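Since the structure comes first, as structure tokens, the remarks are kept for the end.
We did not get these values from a lab; they are worked out from the coordinates using the rules stated. Computed from a predicted model, the values in this text were never measured in an experiment. Every residue, glycine among them, receives a Cβ derived from its backbone with ideal geometry; neighbour counts consider all protein chains shown.
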Amino acid sequence: MHRPFKLGSALFWSALLLFCLTGSRPPDPPAAVIDLNPPNRPPIIAAWLRGARAASGPIVVTVASHVNSYSEVSAFSYTIERDGSLTANNPVRDAVLVDFARLNGIRVVPTISSTWEATSITHVLQDPTLRAAHINAILQVARSPLVDGIDLDYENLPPDARQAFTDFVTSLASLLHREGKTLSVTVPPKVSDDDACVICRFSDYAALGVAADQIRIMAYEFHGKNGGPGPDAPIWWIRQVASYAVSRIPREKIILGIHLYAYDWGGKETTAMWWSDVQALKKRYGGEVHYVDMDANGVVGESVLTYSVPGPRCPRHSLDCDPPPPEDHTVWFVDARYVRASWDLVKEFRLGGIVLWRPGGEDPAIWDVLKPSSSIAAH
């Protein structure tokens, strides 16, 4: 049985983290050689973690439920300011997670994310003074003895930021390695060098794959919430993403990012939800579920829920009221079958692992797919 975590311990680690972030820099140690995937090591099972806006509970609960499956956790712990500095999003919550993860042998790799317009991030990366300040802020986080590495999630950068982003990652990776820490870089998905995706062009897969220890590919949003209903990330498309990635990046560095969320079309807005929400809708409205195994392009692996929300009733004694028609909804979602198909791709392409966005209300059967015995058998 694992040792339980306590709030007092979490506050201690929080204080220690604060000390590490504000203390003076120690002498540089020799450059470290870091091998995340030595021979016979099973593929990594990681997760990006972020609490729901309305949720007050600790995100550590998400990890604790399946502690034996995780290799790494990446909470969205820091956001970038316009001067290159970092803001800690929820230090006490993260301290509890860090404490629990380290007690259970799970690597802690906090995510630094962008939350404002991409032009400002580009300015930080292209301005030598701001870039130096930004790198220093990241190193202050990485020097904590409680942190194993850093994950960068800089999204929607323009194509002309490509070289600046590559140079930044290359410099940061070298400095982190001197500290004995790793760098993972989250990138958008591509299927070719000339992929039509404009917001994907800033990521130079080959150059980033040389510098960083992990390249986490967000293999989802092939069919986003804009437009009509459709599968978010069919397996046939993920196969194309993986096939291109291994042609540019050492396969052991590639971490396949998959989605666990659903989209619900039919209301005023297309809303995102978890598998558990989909099941509640099915039960409430008596919806029908259809598993889409294949389409004209190949394996899809996602499911569709269709249901109708009744319109408001006419007043009891009204004679002239025409009741509005029901509101028809279509939900595309994923379950354990989808995760199994994605996990099979990790094994087929001999990738470094998988990263989930984001657990918390997923089909509980996915953990039978990702249980430690299946991970060991993967390679």
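Data for the structure
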| quantity | calculated |
| --- | --- |
| FRET efficiency estimate (nearest 0.05) - Cβ-Cβ, Arg41 to Asn104, R0 25 angstrom | 0.90 |
| Distant-in-sequence amide H partners of Val299 (H built 1.01 Å from N, under 5 Å) | Trp236 |
| Counting DSSP beta bridges with both ends in the chain, the antiparallel % (nearest 5) | 40 |
| Relative contact order, percent, the chain [alpha-carbon distance under 8 Å, six or more residues apart] | 17 |
| Simple spin-label estimate for Ala296 and Arg350 in nanometres, 7 Å along Cα-Cβ | 3.6 |
| Radius of gyration and maximum dimension Dmax of the range 255-337, Cα, Å | 16.6, 62 |
| Of Lys190/Lys371; Lys190/Lys225; Lys190/Lys282, those spanning more than 27 Å from alpha-carbon to alpha-carbon | Lys190/Lys371; Lys190/Lys282 |
| Residue-span extension gain [Asp167 to Val67] - 0.36 nm each, minus C-alpha spacing | 32.4 nm |
| For the range 139-280, the spread of Cα positions along each principal axis, largest first, Å | 51, 37, 27 |
| Projected area averaged over orientations for the chain, convex hull of C-alpha atoms, nm² | 22.5 |
| Under the Debye formula (equal points on every Cα, no solvent term), log10 I(q)/I(0) of the range 96-204 at q = 0.10, 0.22 Å⁻¹ | -0.32, -1.20 |
| Segment Thr87-Asp328, extension gain: residue separation times 0.36 nm, minus the distance between their alpha carbons | 82.5 nm |
| Rounded to 10°, Cα long-axis angle of helix 162-178 versus longest principal axis of the chain | 60 |
| Degrees, to the nearest 10: 275-285 long Cα axis against longest axis of the chain | 10 |
| Over the chain: helical MRE at 222 nm, DSSP H runs n ≥ 4 each giving -39500 (n - 2.57), nearest 500 | -10000 deg cm²/dmol |
| Thr129 versus Asp195: modelled label distance in nm, points set 7 Å from Cα along the beta carbon direction | 3.6 |
| Inter-site label distance for Ser247 and Ala365 at 7 Å from Cα along Cβ, in nm | 3.5 |
| Rounded to 10°, Cα long-axis angle of helix 128-142 versus longest principal axis of the chain | 90 |
| Restricting the range 236-298 to trypsin sites (Lys or Arg not before Pro) in coil, as DSSP defines it, with at most 12 other Cβ within 10 Å | Lys268 |
| 5 angstrom amide H check on Leu183, placed H, neighbours 5+ away | Ile150, Asp213, Gln214 |
